[in-house]
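For reference, the structure is listed below as structure tokens.
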């Protein structure tokens, strides 16, 4: 197979289809979404069979258990995929929304209209449900999509893709609005991320290696986050019960997500008072604490199990553990905390626990992260929790979209000018 | 001089200064803007002397008259620079604005806060007033800036830069908030556009060659437009008097601007009725018309001066003439017009003249350009006319900012989350 030629063909078809889907009205798009959901429910057995083939190959190839976990689907996953699409159908259509339409002194009216980006290229690993989610979000936001899943999920993704195509056609839309790349040749990714004429933005979802490679090689804008080194800073005016709860939830509610807290900062004035309780809660859940000397002194004094305590090295302040480990540092005050976060953080999600009004305001303004949080868990940083309905990914970049990216992040705004024969003087 | 090392130093200083300017309050920023304006007024003679040296070198080096035109400043230009800065001081501060703050079912409040991008790199040619404008826009939007003007304007730019530094210091801000590159070595541009750690976005302003080179080589997001091939489409339901006025203004009000119309499309049903009058007006102003065969037949029949008529070749549909030439084509209808615009246009600014409500709505939605205009001149597409106050440039890209880019285009939005001890369930 000539991969370059194949990808160029997908690109051209996507560009053409993008014009149709940009013009499609809300009803037609919702019709397609609901029809895709119905096809997925009806084909549940087929999807599970296709997935079973992928799982068999994956096991034969010795893939690790984390990857197998993400690859496997069951009846609940299938139902969730269908429900996810129905939820997207229920979201307001962002396309065509006109805002800020105002008369100017010249007599013209000027405003902004929300429009699709065009063609979105999505590159992801393992999870077959991303195929349905991404197809749904791109479709609803009026974009065409080229989806490139991992080779380990090929059969599962193709089974989902068949349902997507069917739903599009039922609604009278071209099946090429969503195309799933059918080759597992890695050159397909290389081609996808440089086809400037056919692809407007790339969204990579997966491990740091994948995202670094794509960011380096892409010649198209990339919406991405590399990693999430999220912080909780416990201020000396914190409510200590809230602090313990928030740190516990932010660290232990789920270990493998990018909005999980990886570093804890505690103001020196309250370290002796608050660290022992936090240490007991985390140690009780099997979390290893890598502390600065002061942290270790306090936690050792509080009789925390020695095998849960370790001296932090410089690299710990940068680390995304994605597991039951947390870095802990005692800092002077909010200024030191913010310097630490802005220097060592990943600009993803960072929280302060404080009852001090002025410090809360300063933290919100001065911490340079996609999400800044006062008195709540970093785990809230997610499209569903923020009310976006769903997310295509999370961005830690500042250009275009920041934080969880939903339907709106897949659109841009053009200017509309209304006159009645107006000319410029 | 070690250019790489020099640029890295500017970069580091800009990154540090960006933290200070991001935190600066509105009063302090306005104070700096007004102080810079005062320094420029006071130093008018110095600025004109520095500019005279640049003009002398430029003439000695045989620079063309268009470039000399753009390079030259006079007392009015100096006053305009100062007034421009005072106008920026009078604009609302976009930084820190919180919008859409809503309670979510979990009990947290989620909203968006507008924040600076960080460090803006601006690369421009000739016009010394860009130094003052760009400095003012970056400062007000809370960004640090590295400005790299053309070597031909070195002395002028440095004289302006001295005023900028003085104003920043008067207001208690670091002089490094705005740095003007002091070397004319072209390697400085090459370095500026790859310093990912220190620069967040590049704004190139200048000829197509400069912008193509920067887009190709940059490893940082670029806000740009390559060229402006703007269209007016005269529909067969157009008010013909409006059509003639709008085409005249859009083509002839200024020839050298990117929002000047370069292509005219006319619906076949009204071509015989409307083209002769348009032809007479344009020919009377010395505009050459490059027409399709039907256009030529109609204009020749209307006794338009033969030396103003020429057969269009395929390349004319793509051309940005920046002069008294216009491409003219008779098309079937609005559908053909929109296909032509979306295919041959530059996605900058395109207008329809029509009294038909449905067609106006379709044109607004389906034409894929940064500005879409109904019954008004394309010449309105500009930051002042749109009410942005000033513009750093115009973008024909879809990611981040589209069309005229003002203060808001130099910011992004982060998420703010307010809770009261909330944890995720």
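Per-structure values
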read-out: Estimated 222 nm signal from helices in the protein assembly as shown, with DSSP H stretches of n ≥ 4 weighted -39500 (n - 2.57), rounded to 500; value: -13500 deg cm²/dmol
read-out: Mean separation of Cα contacts under 8 Å, 6 or more apart, over the residue count of chain B: relative contact order %; value: 18
read-out: For the range A:71-137: relative contact order, % (alpha-carbon pairs under 8 angstrom, 6 or more apart); value: 38
read-out: Radius of gyration, Dmax [the range A:284-342; alpha carbons; angstrom]; value: 11.9, 33
read-out: Helix axis angle, A:3-23 relative to chain A longest principal axis, alpha carbon, degrees; value: 80
read-out: Across the identical copies, how the residue B:314 labels are spaced - nm, sorted shortest first, 7 Å along Cα→Cβ; value: 6.0
read-out: Using alpha-carbon coordinates, inclination of helix A:26-42 to the longest axis of chain A, degrees; value: 70
read-out: 0 to 90° range, to nearest 10: angle between helix A:129-140 axis and chain A longest Cα axis; value: 60
read-out: Residue-averaged beta-carbon neighbours from other chains (10 angstrom radius) around B:214-226; value: 1
read-out: Cα gyration tensor shape of the range B:286-424, rounded if a/c is under 1.5, else prolate or oblate by comparing a/b with b/c; value: prolate
read-out: Protection-proxy order for peptides B:80-90, B:181-191, B:134-144, A:307-317, each taking the mean of Cβ atoms within 10 Å per residue, highest first; value: B:134-144, B:80-90, B:181-191, A:307-317
read-out: Length-normalised contact order of the range B:37-161 in % [C-alpha pairs under 8 Å, at least 6 apart]; value: 30
read-out: Neighbouring partner chain Cβ atoms per residue of A:384-394, average, 10 Å criterion; value: 2
read-out: Calculated P(r) tail over 18 Å for the range A:94-177, as whole % of Cα pairs; value: 53
read-out: Most to least packed among B:29-35, B:348-354 [average Cβ atoms within 10 Å]; value: B:348-354, B:29-35
read-out: Among B:324-330, A:283-289, the order from most to least packed when residues are scored by Cβ within 10 Å on average; value: B:324-330, A:283-289
read-out: Shielding by partners - mean other protein chain Cβ count within 10 Å, residues of B:369-375; value: 6
read-out: The range B:96-167-the range A:93-134 distance, computed between alpha-carbon centres (Å); value: 25
read-out: Mean projected area in nm² (Cα convex hull; one quarter of hull surface) for chain B; value: 24.6
read-out: Cα centroid of the range A:246-262 to Cα centroid of the range B:358-425, whole Å; value: 36
read-out: The range B:52-151 - convex hull of alpha carbons, volume per residue in Å³; value: 114
read-out: Gyration tensor (alpha-carbon) shape descriptor, the range A:1-82, a/c threshold 1.5; value: oblate
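FYI, it's all coordinate maths here, none of it is from the lab. Only a predicted model underlies this, so the values are computations on that prediction, with no experimental measurement involved. Methodologically, a virtual Cβ is constructed for each residue, glycine included, from the backbone with ideal geometry; neighbour enumeration extends over all protein chains shown.
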